[in-house]
Amino acid sequence: MHHSYYIIYKPYMVLSQFTSVDGKRCLKDLFSPGRDIYPVGRLDYDSEGLLILTNDAALNHKLLNPLFKHQRKYMVQVDGQITTEVLVKLQGGIDININGKTYRTQSCEATLINGAPLIPDRNPPVRYRKNIPTSWIELTLTEGKNRQVRKMTAAVGFPTLRLIRSAIGNITIGDLQPGDIKALSGNTIYRQLFGK
């Protein structure tokens, strides 16, 4: 079987699937790759950024099975002026709620991004409030619980306003714009994800 590999910049307010639900935009509105090609993992409807699409079941297994840890990098705009103390809390792991149970997140990298990153504008834009500052942070996780980043920033008192996945392993969103798709070779995908 011939395997195909794509990366896509999933825009805000697009479902990470090829079937619409309740009239919402979905990947099919951006791209028709043919049969049996699906996103590996997902991004929430209100999140943006890098998705890998493939028909390679082995890659799907390696990326979704928690035994095969790999980094996922996110740029996160939060409500308020975040502090070093809060970043240290995020790095060490915090308690969030997963399916009604308390879950302690694994340690991660959390750093402040000085100034706004060079990223495409969001449509519609994030609401602007003159008297309340926002901060941008970069989080690098090796796990992917449901809405984990949003739950983590909320747990430390800084709700997420905008969330962009910028990298999976060494595959980055690069200069892709929302809705852009790029085909990659299997060698490139495996080398940049697993160093092979």
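The values are calculated or read from the model by the stated rules, or taken from the named source; none is laboratory data. Remember, predicted model here, so these are calculated numbers, not experimental data. Here the Cβ positions follow ideal geometry from the backbone for every residue, glycine too, while neighbour counts run over all protein chains shown.
Structure notes:
- One residue from I52, I37 being at pLDDT 95 or above, under 28 Å from I181 (Cβ atoms) and surrounded by 15 or more Cβ atoms within 10 Å (Cβ to Cβ): I52
- If you go through region 136-157 and keep only what is assigned to a strand (DSSP E or B) and of a type outside the set (F, W, Y), you end up with I137, E138, L139, T140, L141.
- Among the residues here, T153 does not qualify as surrounded by 15 or more Cβ atoms within 10 Å (Cβ to Cβ), within 27 Å of Q106 (Cα to Cα), of a type in the set (S, T, Y) and at pLDDT below 95.
- Criterion applied to D36, D46 was being acidic (D, E) and under 17 Å from the mean Cα position of the chain (by Cα), and the one residue passing it is D46.
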